[in-house]
Amino acid sequence: MEWLHIITPFLEVMIIAIMLNYLLSFFWKTKSMDLVLGFFAFFFILVFSSWLNLPVLHKLMVLIGNVAVIAVLIIFQPELRMALSKLSVKNRRYRDINEFDKFLDQLSNSIYRMSEKRVGALIALENEDSLDEYAQKAVLVNADFSPELLETIFATNTPLHDGAVILRDRTLLASSVILPLAEDSTQLTKSMGTRHRAGLGLSHLTDALVIVVSEESGKVSIAREGIMTRGVKIDRFKGVIRSIYNPPLRGSLQSRFNLLEWLKR
């Protein structure tokens with residue numbers, strides 16, 4: 001067991017470094033950062049008084065420290081509760097599920113509002129295959145998704161309504177995106193136009209799920225893996241999206257890398 005005694009100091013240093021990194025990243029650029037700086041100043045004076053053998057100053061700093069610990073726990077209780085809650089994987093998973101459900105409801109309601117108004121729309125939901133190739137040639141938006149933003153983009157009197165929109169997770173990445181047209185259009189009827197052909201074309205080349213709202217009929221279609229499904233109702237639409245973009249599943253696959261990603265930040 002000698003090897004255990006050898007690696008113990010390195011293990012302790014790594015754990016302490018991770019703890020300090022987390023605390024500093026949490027408090028950075030907040031009002032609580034003043035508390036962290038004050039703590040380091042207090043600790044420096046305490047060590048300085050002990051090193052120079054200043055008994056009165058050292059005793060005073062110890063007494064102040066005993067009172068300060070209790071005061072900090074009372075005054076900064078909300079901040080400490082928030083910091084501890086971020087360590088809980090379970091809470092994070094439930095939060096991700098709730099946020100995904102909220103996003104799915106907003107997206108569904110927005111699409112079917114456009115369907116009722118017969119506003120043409122073409123939306124590509126990125127999956128594993130990156131759509132940067134198409135986004136870089138379009139208008140980069142890179143904004144948090146909102147129904148108002150999506151519906152404003154596809155309003156006929158706006159300059160961005162032509163082309164597609166790319167959604168990456170819950171971020172509206174780009175608009176006015178030109179998608180490749182499907183060469184085989186046997187699945188498309190005469191009432192389906194360029195939007196449907198473009199959506200089908202992207203589904204042939206990537207694993208993205210493409211949503212098409214017909215300007216003529218108002219029907220919602222979904223293209224995935226080279227197959228176009230027309231006239232999708234809202235309940236089925238939510239079921240399809242949920243089965244592909246399942247936050248608990250994707251979160252569990254990435255959980256083993258959370259520590260490395262956190263250290264990179």
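Any residue that is assigned to a strand (DSSP E or B) and not hydroxyl-bearing (Ser, Thr, Tyr) - is there at least one of those in segment 179-196?
no
Quick test for you: out of 80, 73, pick the one residue that is at pLDDT below 90 and loosely packed, with under 12 Cβ neighbours inside 10 Å.
On inspection, the qualifying residue turns out to be 73.
Which one is nearest to the chain's Cα centre (by Cα) among residues in segment 129-159 that are buried (at least 17 other Cβ atoms within 10 Å of the Cβ) and part of a loop (DSSP other than H, G, I, E, B)?
Top of the filtered list is 145.
Going residue by residue through segment 188-198, is there one that turns out to be farther than 22 Å from residue 228 by Cα and out of contact with any Cys (no Cβ under 7 Å at 6 or more places or on another chain)?
No: segment 188-198 contains no residue that is farther than 22 Å from residue 228 by Cα and out of contact with any Cys (no Cβ under 7 Å at 6 or more places or on another chain).
How about segment 215-240: which of its residues are assigned to a loop (DSSP other than H, G, I, E, B), surrounded by 14 or more Cβ atoms within 10 Å (Cβ to Cβ) and touching a Gly at 6+ places or on another chain (Cβ under 8 Å)?
215, 219
In segment 251-264, is there at least one residue being surrounded by 14 or more Cβ atoms within 10 Å (Cβ to Cβ) and at pLDDT below 90?
Yes.
Checking the condition assigned to a helix (DSSP H, G or I) and modelled with pLDDT of 70 or more, which residue from 26, 42 passes?
Among 26, 42, only 42 is assigned to a helix (DSSP H, G or I) and modelled with pLDDT of 70 or more.
The values are calculated or read from the model by the stated rules, or taken from the named source; none is laboratory data. From a predicted model like this one, the values you see are computed outputs, not experimental measurements. Reconstructed Cβ throughout: ideal geometry from the backbone, glycine too, with neighbour counts over all protein chains shown.
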